[in-house]
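Following: one structure in structure tokens, then a few remarks.
Quick note: the coordinates plus some simple rules give every number you see, no bench work behind them. Keep in mind it's a predicted model, so treat the numbers as computed, not measured. Here the Cβ positions follow ideal geometry from the backbone for every residue, glycine too, while neighbour counts run over all protein chains shown.
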Amino acid sequence: MIDGIEIGDRIRTCQNEVFKAILRGETCILRLTDPGHRSLESIEEEVKLLRNLGSDTEIAAKPVTFPSGKFVESTKYEGKLYGAALFSFIEGTSADIASFALASNFGALLAKLHTALSELNGSYDLPEMHNSSGEKQLIHGDFNRTNVITRQGSFRIIDFENACYSTCEYELANSIYMTLFDARHKPVALLDSRFINGFLEGYTRDKCVDLEAVRSEIDRRVSILGGWIDDLSSAPLSISSASASWKIELNDFFHEYQGGAYEEILSDISSSNRALTDTRGVRTPVRTGAFGSKGYEFKTKFDANHRH
């Protein structure tokens with residue numbers, strides 16, 4: 001029990017301790033964060049973003065106040081001090097992306113989130129990815145299937161602790177990178193061009209994206225992983241504290257990627273750039289077309305009347 005909160009099952013442990021909890025008779029999520037990992041001020045900025053995002057859209061889990069009325073508190077649990085935050089409990093399962101259509105929905109959800117984040121008022125004291133070139137905006141920072149909860153056709157996005165300022169291309173690349181890794185040992189996605197094309201088709205229905213930049217960001221993301229493997233002291237806690245078997249998995253993935261194991265899967269990304277420019281200098285998104293031998297091939301469509 002913490003300040004009137006009944007703590008239930010532990011859901012996750014690593015960079016955070018995450019529990020199901022009961023507050024005021026309602027189920028919620030309690031997240032405890034080691035202050036060595038993140039400061040209270042950083043958590044407060046994340047909560048501020050979610051409160052503002054939630055006022056305009058039902059796309060994300062919402063922060064919940066403690067009995068004190070605060071959204072973030074410093075609290076002790078099992079003798080250790082943590083930064084604590086509460087969030088609404090979202091009933092459902094992790095997003096299913098194991099088909100072209102489902103991957104397309106996944107991409108469309110990310111585009112919706114990016115649009116909502118770009119329209120938020122105010123400023124947020126969140127990190128900026130300085131090594132990503134291009135126009136930066138607020139992004140989720142860890143958009144993967146386990147952070148999207150779905151139930152009866154509705155979607156909610158959780159876990160904004162890695163929210164930052166970066167390019168949309170970086171977020172797309174990071175999502176593809178994480179899916180490629182997960183699909184090595186879980187049947188979570190079609191590990192071929194159909195996932196890539198579905199995800200990007202969904203995203204680019206109403207959003208522009210520079211596919212060459214996405215492809216480059218995937219390469220860079222894998223290179224960062226290689227640097228962490230070589231120097232665990234520079235790696236995030238989720239990697240530096242991982243089990244020996246998990247580190248072997250990461251190392252194997254890195255060397256497979258560097259050896260070209262994923263080139264055919266990723267080839268369509270760089271073969272067709274959807275970030276077109278019309279005669280007024282306005283970038284326009286492009287639709288997909290026919291089914292090809294590898295899956296859904298990119299077909300360009302010029303729309304001079306589109307306003308982004």
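At 7 Å along the Cα-to-beta-carbon direction for both ASN251 and SER99, put a label point, then send me their distance in nm to one decimal.
Label-label distance for ASN251 and SER99, simple model: 4.0 nm.
Using Cα positions and a limit of under 12 Å, work out the aspartates and glutamates in reach of LYS80, with same-chain residues fewer than 8 apart set aside.
GLU17, ASP34
Can you tell which of GLY226, SER267, TRP246 lies farthest toward the positive end of the dipole of segment 181-269, using +1 and -1 charges on the Cβ of basic and acidic side chains (Lys, Arg; Asp, Glu)?
TRP246
Could you tell me what a quarter of the Cα convex hull surface of segment 6-88 works out to, in nm² with one decimal place?
Averaged projected area of segment 6-88's Cα convex hull equals 5.5 nm².
How much length, in nm to one decimal, is gained on full extension between LEU237 and GLU26, taken as 0.36 nm per residue of separation minus their Cα-Cα distance?
Net length gain for the segment: 72.8 nm.
Can you give me the long-range amide H partners of ILE11? Hydrogens built in the peptide plane at 1.01 Å from N, cutoff under 5 Å, separation of 5 or more residues or another chain.
Under 5 Å from the amide H of ILE11 lie the amide H atoms of VAL18, PHE19, LYS20, each far enough along the sequence or on another chain.
Using the 10 angstrom Cβ neighbour count as an exposure proxy, how do GLU171, GLU91, GLU249 rank, fewest first?
GLU91, GLU249, GLU171
According to a simple spin-label model (label point 7 Å from Cα along Cα-to-Cβ), what is the distance in nm between ARG151 and GLU264?
4.1
Please state the charge dipole magnitude for segment 1-105, taken about the Cα centre, from unit charges on C-beta atoms (+1 on K and R, -1 on D and E), reported in debye and rounded to the nearest 20.
140
Per-residue HN-Hα couplings for segment 162-178, Karplus 6.51 cos²θ - 1.76 cosθ + 1.60 at θ = phi - 60°, whole Hz, x for Gly and Pro?
Couplings: 9, 4, 7, 9, 7, 8, 5, 4, 4, 4, 4, 4, 5, 5, 5, 4, 5 Hz.
Evaluate the relative contact order of segment 6-88 (contact order divided by residue number), counting alpha-carbon pairs under 8 angstrom at least 6 apart; express in whole percent.
Averaging sequence separation for qualifying contacts and normalising by length gives 27 percent for segment 6-88.
Using the alpha-carbon centroid of each, what span in Å lies between segment 1-30 and segment 157-183?
26
Please give every one of the aspartates and glutamates within straight-line cross-link reach of LYS62, meaning a C-alpha to C-alpha distance under 15 Å, and leave out same-chain neighbours fewer than 8 residues apart.
The reachable aspartates and glutamates, counting only those whose Cα sits under 15 Å from LYS62, are GLU26, GLU44, GLU45, GLU46, GLU91, ASP159, GLU161.
Along the Cα→Cβ direction, 7 angstrom out, place labels at GLU212 and THR13. What is the inter-label distance in nm?
Going by the 7 Å Cα→Cβ label model, 4.9 nm.
Between GLU58 and SER123, what's the calculated FRET efficiency when r is the beta-carbon distance and R0 is 22 Å? Round to 0.05.
My answer for the efficiency is 0.40.
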